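Step one of this worksheet: look at the structure below.
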Amino acid sequence: MALGKSPSFSENDDLADSSASAAGPGPASDDHDAEDYAAAYKQANPEKFSTYMRRRAVVFGVAYVGYVCAYLVRNNFKLQSENIRLEQGWTLASIGVILTAFTVTYGISKFLMGAVSDRVPLKRIFAACLLLSALICISIGFVHSYWLLFILMLLLGVAQGGLAPSSMSMIAHWYPNTTRGSGIAIWNTSQNLGGALLPLIITWVTTSVMPGSTMIGFLFPGVIVVIISFFIWKFGGNQPQDEGLGSLTDVYGHAGEPQVEEVPDEGYIKTFVHFVLTSPVLLVVALINAILYFLRFGIENWIPAFLGSEMGFTEAQCNMAFSVLEWVAIPGCFFFAWVAVKLPNRQSVVGALGLVLMAALVFVYMGNHNYPLLLILCGLMGILIYGPQLIVNIMTLNVVPLKTAGAAVGFVGLFGYLLGELCANLVMPIVAQHVSWTASFILVCVIALIGAALYFSLSRYEKRIVAD
């Protein structure tokens, strides 16, 4: 496959051959080569290698804790939206528009900030965007004007857009091919941990600290994140070579970085266009991500309105359902990471089967009035939302050169938010208001089955390009 020529699915044989060639001797050999190369590097540079490993642990901790904090100042409005709607007398569609304000700017910002994060110090953009997110979150708690709230949600989307690309790029630049997948798998649980902690924090502060106040649900988490952002600025990481340590190639040899067919001296723009903007492989990954985001936010964003106003569950029960969805997704992500290792060229089939099961669970969820069953359903749905999303994250970083890792994450995220969540924010309440909530969730079931079909369509292609 010549550089500058975008592969198509009608060129499976040529693409498979070039991919196999670029990948080198295969996973087992890569593992062996990486270990031998690292052992030799350690013997030649014992102090530098020791420093590298210590810094890698710190950088991972910063990336993980920082992204937990990202969720502590992201979903505050979403979780309290039904209370705010009832207090202000707004419609469901009005709430959907505010949620969409965040979605649009977040999706665009994730793409643009991803490209920026490839060119500037990662820890600086990560810490700055986190601090700005926290300050905006605090401000939202004191606002009662609809249009001012709309503007603040636009700004929150811009600030949050820089967090995932810079956080994932930190890990990508410090972990070699053989362990990058496991690193991303563990990091992926940070969004679940943050998403699960926030409703518990909000429930506690709105019932124990300042009962009945929605403002405290923005102020308390925001202050915590402001403090943590300064630690991230100090202890976060950039690329190891920027800190006087060896690059991944220096430490691990050819198994250090993704084995894509890249011209080493090619400029960033040409590499960006070829591996991000015009790559059909990345485009398919992005479309799958859009499906997953529709499912994720079609369920999560409307838990307060659907479970509370429609199904009659209490606010505390709704928050617990949201939290369980996030908590159970954590072991679910590890399960999908294990599957990715055991079935490296059958992940598309696993994803397809997962989405078929997801459709069945949503069908039961939309008519359920039993609280214990609700928690079980939410936990299972969390697994089947975030597990496939983990695979998307791993695939995104494995099909591009590291110097465009941030842009690739942003490109895939752009599809997820501007196509996936945007539709979930707008279509779900419109269908619910003009038809019924049942019709909205039937739509979710259909989208899940479409996603399964797309996954199945990649199965033969996946077997050709990924070694078993």
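The values are calculated or read from the model by the stated rules, or taken from the named source; none is laboratory data. Since this is a predicted model, take the numbers as computed values, not measurements. Cβ sites come from the backbone with ideal geometry, for glycine too, and all protein chains shown count toward neighbours.
Going through Ala337, Ala321 one at a time, which residue ends up being assigned to a helix (DSSP H, G or I) and in contact (Cβ under 8 Å) with a residue 60 or more places away in the chain? Even if it seems obvious, please write down each step before you answer.
Numbers: Ala321 fails: in contact (Cβ under 8 Å) with a residue 60 or more places away in the chain.
Going through Ala337, Ala321 in turn, the sole match is Ala337.
Restricting to the range 140-179, give me the number of residues that are outside any helix (DSSP H, G or I) and either at pLDDT 95 or above or within 30 Å of Pro401 (Cα to Cα) (or both). Break it down stepwise before answering.
Start the filter on the range 140-179 by keeping residues that are outside any helix (DSSP H, G or I), which leaves 141-145, 161-162, 175-176.
With the extra rule that they be either at pLDDT 95 or above or within 30 Å of Pro401 (Cα to Cα) (or both), the set shrinks to 161-162, 175-176.
Residues that pass the stated criteria total 4.
Report yes if Tyr64 is among the aromatic types (Phe, Trp, Tyr), surrounded by fewer than 23 Cβ atoms within 10 Å (Cβ to Cβ) and closer than 30 Å to Leu200 by Cβ, otherwise no. Break it down into steps so the answer makes sense when it comes.
Working: among the aromatic types (Phe, Trp, Tyr): yes; surrounded by fewer than 23 Cβ atoms within 10 Å (Cβ to Cβ): yes; closer than 30 Å to Leu200 by Cβ: yes.
Answer is yes for this residue.
Enumerate the pairs (first residue in the range 433-460 and touching a residue at least 12 places away in the same chain (Cβ under 8 Å) and assigned to a helix (DSSP H, G or I); second residue anywhere and surrounded by 14 or more Cβ atoms within 10 Å (Cβ to Cβ) and basic (Lys, Arg)) with beta-carbon separation below 8 Å, excluding pairs fewer than 6 apart on the same chain, so at least 6 apart or on different chains.
Ser459/Arg346
Quick check on this structure: which one of Tyr417, Tyr455 is crowded, with 21+ Cβ neighbours inside 10 Å, among the hydroxyl-bearing types (Ser, Thr, Tyr) and within 19 Å of Gly354 (Cβ to Cβ)? Even if it seems obvious, please write down each step before you answer.
On the way: Tyr417 fails: within 19 Å of Gly354 (Cβ to Cβ).
None of the others qualify; the one that does is Tyr455.
Here is a yes/no grid of residues against (1) touching a strand residue (DSSP E or B) at 6+ places or on another chain (Cβ under 7 Å); (2) under 26 Å from Cys445 (Cα atoms); (3) part of a helix (DSSP H, G or I); (4) of a type outside the set (Gly, Ala, Ser):
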site: Ile376; (1), (2), (3), (4): no, yes, yes, yes
site: Leu384; (1), (2), (3), (4): no, yes, yes, yes
site: Gly387; (1), (2), (3), (4): no, yes, yes, no
site: Val392; (1), (2), (3), (4): no, yes, yes, yes
site: Thr404; (1), (2), (3), (4): no, no, yes, yes
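Go through the range 98-121 and give me each residue that's touching a helix residue (DSSP H, G or I) at 6+ places or on another chain (Cβ under 8 Å) and without any contact (Cβ under 8 Å) to a residue 60 or more places away in the chain.
Initial filter on the range 98-121 (touching a helix residue (DSSP H, G or I) at 6+ places or on another chain (Cβ under 8 Å)): 98-119, 121.
If the condition is that a residue be touching a helix residue (DSSP H, G or I) at 6+ places or on another chain (Cβ under 8 Å) and without any contact (Cβ under 8 Å) to a residue 60 or more places away in the chain, then Ile98, Ala101, Phe102, Thr105, Ser109 are the ones that fit.
Is the range 345-362 home to any residue that is among the basic types (Lys, Arg) and part of a helix (DSSP H, G or I)?
At the first step, the residues of the range 345-362 found to be among the basic types (Lys, Arg) are 346.
Right, trim to part of a helix (DSSP H, G or I) and you get none.
No, the range 345-362 contains no residue that is among the basic types (Lys, Arg) and part of a helix (DSSP H, G or I).
When only residues in the range 38-56 that are under 25 Å from Gly236 (Cβ atoms) and of a type in the set (A, V, I, L, M, F, W, C) count, which is surrounded by the most Cβ atoms within 10 Å (Cβ to Cβ)?
Out of the qualifying residues, it is Ala38.
Does Tyr371 satisfy the criteria of being under 18 Å from the mean Cα position of the chain (by Cα) and among the hydroxyl-bearing types (Ser, Thr, Tyr)? Reasoning before the result, please.
Working: under 18 Å from the mean Cα position of the chain (by Cα): no; among the hydroxyl-bearing types (Ser, Thr, Tyr): yes.
The answer is no for Tyr371.
Could you please tell me which pairs satisfy a Cβ distance under 8 Å, a separation of 6+ or placement on different chains, a first residue in the range 157-179 that is under 20 Å from Gly246 (Cα atoms), and a second residue that is among the acidic types (Asp, Glu) and outside any helix (DSSP H, G or I)?
Ser169/Asp118; Pro176/Glu257; Asn177/Glu257
Would you mind telling me which numbered condition in (1) of a type outside the set (Gly, Ala, Ser); (2) at pLDDT 80 or above; (3) more than 30 Å from Pro46 (Cβ to Cβ) Val263 fails?
(2) is the only condition that Val263 fails.
Does the range 206-247 hold any residues that are crowded, with 18+ Cβ neighbours inside 10 Å and in contact with a Gly (Cβ under 6 Å, 6 or more places away or on another chain), and which are they?
Residues satisfying the conditions are Thr206, Phe218, Leu219, Ile232.
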